[in-house]
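*Asks:* Sharing a structure, written as structure tokens. Questions coming.
The values are calculated or read from the model by the stated rules, or taken from the named source; none is laboratory data. All of these numbers come straight from a predicted model, not from anything done at the bench. A quick note on method: Cβ atoms are made from the backbone with ideal geometry, for glycine too, and the neighbour counts reach across all protein chains shown. Only protein heavy atoms, including side chains, enter the accessible area calculation; ligands, DNA and RNA are left aside. Shrake-Rupley method; radii C 1.70, N 1.55, O 1.52, S 1.80 Å.
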Amino acid sequence: MNTDRKSRPQVVLVNRALVLNEKKEVLLIKRSKGDSYMPGKWELPGGKLDAGQDISNALEREVLEETGLAVLPTDKVAYWHSKILTKGKYKGLPYIVLIGLANSIGGEVKLSKEHDDYAWVSKDEVFSYDLVHQTRLALTVLSNKIS
């Protein structure tokens, strides 16, 4: 068995959050039209962890970076999905998405340059948006958590 650390695969780890406001509406953010990945599609806030970043507060940090909102996690990993990437700059690497649940506790939405719109939407209307596939899957599984 090879225990050399260099032989271990790199991993693309993405942390996203299903953020709810006091009305139990879900925060969706829209990818910028000029973005290279899924332009114009709606998704949950979050992003890839960089080397050296700790997963313990990634959910809060990613939401703050992308939306300007402070959140209180209620479940750090409510949904996960994994696959091997088949194209792009990360081709061949494991791709793991962790989605947590969180309540918005302060701030006003101020989007990062990767996004150009946002919406607080009810459980009944969330699937009417043009969602990134990964977001659609997660919301399908987590819809019972939105009351």
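*Asks:* On the basis of being farther than 13 Å from V26 by Cα, over 15 Å from the mean Cα position of the chain (by Cα) and at pLDDT below 95, does K113 make the cut?
*Replies:* Yes; evaluated as a whole, the condition is true for this residue.
*Asks:* Here's a follow-up. Considering only region 93-113, how many residues are open to solvent by 50 Å² or more (accessible area, probe 1.4 Å) and more than 21 Å from D75 (Cα to Cα)?
*Replies:* Qualifying residue count for the region: 4.
*Asks:* Same structure again: Before we move on, is K33 under 11 Å from the mean Cα position of the chain (by Cα), of a type in the set (D, E, K, R) and either modelled with pLDDT of 90 or more or surrounded by 13 or more Cβ atoms within 10 Å (Cβ to Cβ) (or both)?
*Replies:* No.
*Asks:* Only one of T86, T74 is part of a strand (DSSP E or B), of a type in the set (S, T, N, Q) and open to solvent by 50 Å² or more (accessible area, probe 1.4 Å); which?
*Replies:* T74
*Asks:* What pairs come out if I take residues in region 45-71 that are surrounded by 14 or more Cβ atoms within 10 Å (Cβ to Cβ) and pair them with residues that are in a loop (DSSP other than H, G, I, E, B) and of a type in the set (V, I, T) whose C-beta lies under 7 Å away, six or more apart or interchain?
*Replies:* Pairs that qualify, where the first residue is surrounded by 14 or more Cβ atoms within 10 Å (Cβ to Cβ) and the partner is in a loop (DSSP other than H, G, I, E, B) and of a type in the set (V, I, T), are T67/V109; G68/V109; L69/V109.
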